[in-house]
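Bear in mind that the values in this text are calculations on the coordinates, not laboratory data. Because the structure is a prediction, the values reported are computed rather than measured.
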Amino acid sequence: MSNVAATPPISFRSVSRKRFLRSRPVVLVVDDDADSRRIYRQYLRAMGCRVLTAADGRMAVRKAVASIPDVVIMDLAMPYLDGWEATRILKRRVATRRIPIIAMSAVSSARDSARAVGCDAYLAKPCLPELVWWEIRVVLQDAGVMWGEMTSRRASASRTSG
């Protein structure tokens, strides 16, 4: 007799509505402030995330398309290509439209416009890394992403976009 506990059967319906991460969640942190990127990167790594960073919207779009992160933390006011336009671009692309995006801004009136362009959540700056980590977990759960032994969205997106 095996010592392994029996696992309940998983219906196809529950599997199709949830995405599973094989390993640590991949977070793309986008901010033109180098100190903010460093602080969030260090904290999220300590929480077990794999962290990518970008200093502006153009770099964010490139990195998101290339790596298909599990969530994006997007500063809205940045040079070259701001977070609003970067979000619009990511939400229009098939491979990236389902990636949850958490907007961050020091502009208090940005909440509604962030939601209007497709951001899934909004945090006011300055924002403690602990709150960012909490919001990441909330949006991943809302998106049906679970840490588990099954395939990740990154794997399925790379198969469908190739």
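Going by amide H atoms built from the backbone, whose H comes under 5 Å of the H on L123, apart from near neighbours?
It is A103, M104, S105, by chain and number.
Expressed in nm to one decimal, what extension gain is obtained for the pair A66 and S109 from 0.36 nm per residue of sequence separation less their Cα-Cα distance?
12.3 nm
What residues qualify as long-range amide H neighbours of V51, i.e. H under 5 Å apart, gap of 5 or more or another chain, H built at 1.01 Å from N?
Long-range HN contacts for V51: V27.
Give me a comma-separated list of calculated 3J(HN,Hα) values for the range 79-86, in order, Karplus coefficients 6.51, -1.76, 1.60 applied at θ = phi - 60°, integers in Hz, x for any Gly or Pro.
x, 6, 9, 6, x, 4, 5, 4
Would the range 40-98 count as rounded, prolate or oblate if I go by the C-alpha gyration tensor, calling it rounded below 1.5 in a/c and otherwise prolate when a/b exceeds b/c, oblate otherwise?
Verdict is oblate for the range 40-98.
Between A46 and K91, what length in nm is gained on full extension when 0.36 nm per residue of separation is reduced by their alpha carbon distance?
So the extension gain works out to 13.3 nm.
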